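The block underneath contains the structure these notes are about, expressed in structure tokens.
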Amino acid sequence: MSQTDGMFGALILRERTMRRWSVRDLAAASGVSLHAISRAERGLSDPCLSVALKLAGALGIDLSCLARQETCLNCYGNPPAGFTCNECGRGEPL
């Protein structure tokens, strides 16, 4: 079983957890199966365009915004205020 680069799944996971939604919550809001969401978030598969649109729509974000984001898998491009990510260097100097 091969893995994808995991970027889309990491972004969906970040957006879902920022909202404090469970996978079940996202599945109910998007109409996408729990299995498909779980596989995408773990980087085991990339969803097709129609599934990606459903997930982005349920999260209230534009799919093109997700596609443009460069995401560090350590801080997901958004380290906590006052911190700098050791992996990508984003954030405020210590």
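The values are calculated or read from the model by the stated rules, or taken from the named source; none is laboratory data. Just so you know, these numbers come straight off a predicted model, no measurement behind them. So basically every Cβ, Gly included, is an ideal-geometry build from the backbone, and we count neighbours across all protein chains shown.
Which one of these does residue 45 not meet: (1) touching a helix residue (DSSP H, G or I) at 6+ places or on another chain (Cβ under 6 Å); (2) at pLDDT 90 or above; (3) hydroxyl-bearing (Ser, Thr, Tyr)? For residue 45, the failing item is (2). Per the listing 40, 29, the residue uniquely in contact with an Asp or Glu (Cβ under 8 Å, 6 or more places away or on another chain), under 23 Å from residue 64 (Cβ atoms) and among the hydrophobic types (A, V, I, L, M, F, W, C) is 40. Do you know which residues across region 19-53 are under 17 Å from residue 63 (Cβ atoms), hydrophobic (A, V, I, L, M, F, W, C) and assigned to a helix (DSSP H, G or I)? Answer for region 19-53, where residues must be under 17 Å from residue 63 (Cβ atoms), hydrophobic (A, V, I, L, M, F, W, C) and assigned to a helix (DSSP H, G or I): 26, 29, 36, 37, 40, 49, 51, 52, 53. Do you know which residues across region 8-45 are among the charged types (D, E, K, R), surrounded by fewer than 17 Cβ atoms within 10 Å (Cβ to Cβ) and within 12 Å of the chain's Cα centre (by Cα)? The answer is 19, 42.
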